[in-house]
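The next block holds one structure in the form of structure tokens; read it before the comments.
Values quoted throughout were computed directly from the atomic coordinates according to the rules given, and no laboratory measurement underlies them. All values derive from a computational prediction rather than experimental measurement. Here Cβ is always computed from backbone atoms with ideal geometry, including for glycine, and neighbour counts include all displayed protein chains.
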Amino acid sequence: MFRNGAILVAALAVSIGALLPCARSAAPPDSPTTYRHWFQSQSNSKNQLCCSIADGRILRLDQVRQTDQGWEVQLPDVLPRSAGMNEASVGDWIRVPPENILYTENPTGQPVAWFYNGEVRCFVLPPQI
């Protein structure tokens, strides 16, 4: 009985720990609070929350491109610690995993990418693409 309880507690701790970086990160100073709820309510096809407005970045059109391998985004100059992009530098192009592309309404009018744990966790195209 104790073993099952210990497993449940461990699983719960891991689940909560995965969400903490989202909760601790502050929104960038120039982020529009108008879209806060939209940023925080998005999830990818793996049912992973994209996280929050702190992890998401509104990009310019010239910071996204489609290649033969799929979509790529250019790393912006300001990223949260939770992004985990230690191997990449500002301006590098990062491949977006196809399962992390969200086909949803985008109220910002610009491409949006959430950077988390060393990858583009979620990506939304602007309405015009």
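Mind listing just one residue for me: the one in region 97-122 that is of a type in the set (Val, Ile, Thr) and under 13 Å from the mean Cα position of the chain (by Cα) and, of those, surrounded by the fewest Cβ atoms within 10 Å (Cβ to Cβ)?
Ile101
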(request) Mind listing whichever residues of region 76-129 are over 17 Å from Trp38 (Cβ atoms), basic (Lys, Arg) and assigned to a strand (DSSP E or B)? (result) Arg95
(message) Out of the residues in region 98-129 meeting the condition of being of a type in the set (Phe, Trp, Tyr) and free of Cβ contacts under 8 Å to residues at least 60 places away in the same chain, tell me which one is farthest from Arg60 (Cα to Cα).
(response) Tyr103
